[in-house]
Every structure is written in C-alpha cells, then in structure tokens.
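Every read-out reported here was derived from the displayed coordinates using simple, explicitly stated rules and does not represent laboratory data. Everything numeric here is computed off the predicted structure, so don't read it as measured data. Backbone-built Cβ (ideal geometry, glycine too); neighbour counts: all protein chains shown.
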Amino acid sequence: MKLKNMDRQQKILIVDDAVENIKMLISLLHDEYTTFFAKNGEVALKLARSKQPDLILLDIVMPEMDGFEVCRALQEEPETSDIPVIFVSAKGEEGDETKGFEAGAVDYIIKPISPPIVKARVKTHLRLREAVAELKRLNRLAMDANPMTGLPGNTAVTEHIKKALGKKEDVCIIYADLDNFKAYND
C-alpha cells in the first residue's frame, strides 16, 4: 500500500548541538529524505513550526533547553504535536528512556548509533505517521458521509468546492432534492 504523502520527499529535522552528529545523520539520511538541522531547542521549535517536518531526530543534552523540554513543547502545540520525535542520545539509562517516552517521543536510539538501525526506525516511524494520517482522513470522511448512501456529506462537498475555487478549477455542481424522500428513508 502506497500512501499519498510518500510521493513527495519526506522532511527530517535533526536537532543536536554537536556538528559532527548532525553531519553523520545528514550523510546517513540525505539520499532518501530532505534533511535540515538545528543546534539548539529554540531554533528547533521555530523550524518545526515553519517547516513542518515529518519526523524529528532529537538529542537530549543541549545547552539552555534540553531535548526533553523541546519534546514536551512540541507535544503542547497543535501544529507540531503529531510530528514523531525519536531521541538520539548518549544517555542510555532506563530512566532516561522512560523520561523520553513520557515527554512524548515515539522511539529512543542510544549513541553511538548503528546506521542500519537508525534508517530502519526512521522508515518505520514515517510509515506509521502516514498510516495514522490516512486513518484520520478516512475517519473524517466516514463521519461526514450519509449513513444511508455512503455519499459525502455537506462538509466534504463544501471543502471540495472551496479547494476547486481556490485553484480556479472548473467545477460543475448538481443539486438534487427529492420530494417525500423521508418517507422512503423511514
């Protein structure tokens, strides 16, 4: 099953204060993904809001704002709360991993990294994100559909018309109102 957003190159934000770690992750991922980076938490939050990455690889130990704080801030904002965060950290104690998951991370990779493991986990979480987005889309359609006919309801029709008008596409609309249909429906 190919999900619709897989047609575009997915974006990964790498957040680490160590340039060598950033370079290593970019070299590992740049062939398959669009990568960009931040060296601190404040810049990471700004980039996450503006660029809307599909996934964030986040170090924990950083000056001023650590990775746990960044992850919690991402989770609190509606526009970034659905972005999966994978911690990539030298902090490998069980308590650190637990704290990472409690902050909202979807995975935790301990440094030094294994390139095949990083690539596999990134790919897995990107696929999961796309699958969840597709389920949400289908749920919205199902919630708006007419229960008798299964046809799209007012919300879906209105959204489609607005999109077409916004793109200045030609649209033909037929509105049919059936007299006494309620009796048939009942």
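Worth a mention:
- The range 86-132 - Debye-derived log10 I(q)/I(0), Cα point model, q = 0.23, 0.24, 0.32 Å⁻¹: -0.84, -0.89, -1.13
- Charge-dipole axis of the range 100-186 as Lys and Arg at +1 and Asp and Glu at -1 on Cβ define it, positive-most pick from Leu165, Pro116, Ala133: Pro116
- Checked against a 24 Å cut-off, the cross-linked pairs Lys51/Lys123; Lys11/Lys46; Lys23/Lys91; Lys46/Lys167 give Cα-Cα distances beyond that limit for Lys46/Lys167.
- Taking the chain as a Gaussian network of alpha-carbon nodes connected by springs under 10 Å, the highest mean-square fluctuation of the residues Lys46, Lys168, Lys11 belongs to Lys168.
- Set of lysines near Lys162 by C-alpha distance (under 22 Å), chain-local residues within fewer than 8 positions excluded: Lys4, Lys136
- Hits among aspartates and glutamates - C-alpha to C-alpha of Lys99 under 14 Å, sequence gap 8 or more where chains match: Asp59, Asp66, Glu69, Asp107
- Comparing Leu74, Leu165, Leu45 in a Gaussian network model of the chain where C-alpha atoms under 10 Å apart are linked, the largest mean-square fluctuation is found at Leu165.
- Relative contact order of the chain, defined on C-alpha pairs under 8 angstrom at six or more residues apart (%): 15
- Considering all C-alpha pairs of the chain, those separated by over 25 Å amount to 47%.
- Most mobile of Val171, Val118, Val85 in a GNM of the chain (Cα contacts under 10 Å): Val171
- Overall, the range 48-103 carries a charge dipole of about 180 debye about its Cα centre when +1 sits on the Cβ of Lys and Arg and -1 on the Cβ of Asp and Glu, all other atoms neutral.
- Once the Kirkwood radius over Cα pairs is known for the range 104-186, the Stokes-Einstein relation at 4 °C and 1.567 mPa s delivers a diffusion coefficient of 75 µm²/s.
- Helix-only arithmetic for the chain: the sum of -39500 (n - 2.57) across DSSP H runs with n ≥ 4, divided by the residue total, places the mean residue ellipticity at 222 nm at -15500 deg cm²/dmol.
- Taking Cα atoms only, the orientation of helix 41-51 departs from the longest principal axis of the chain by about 30 degrees.
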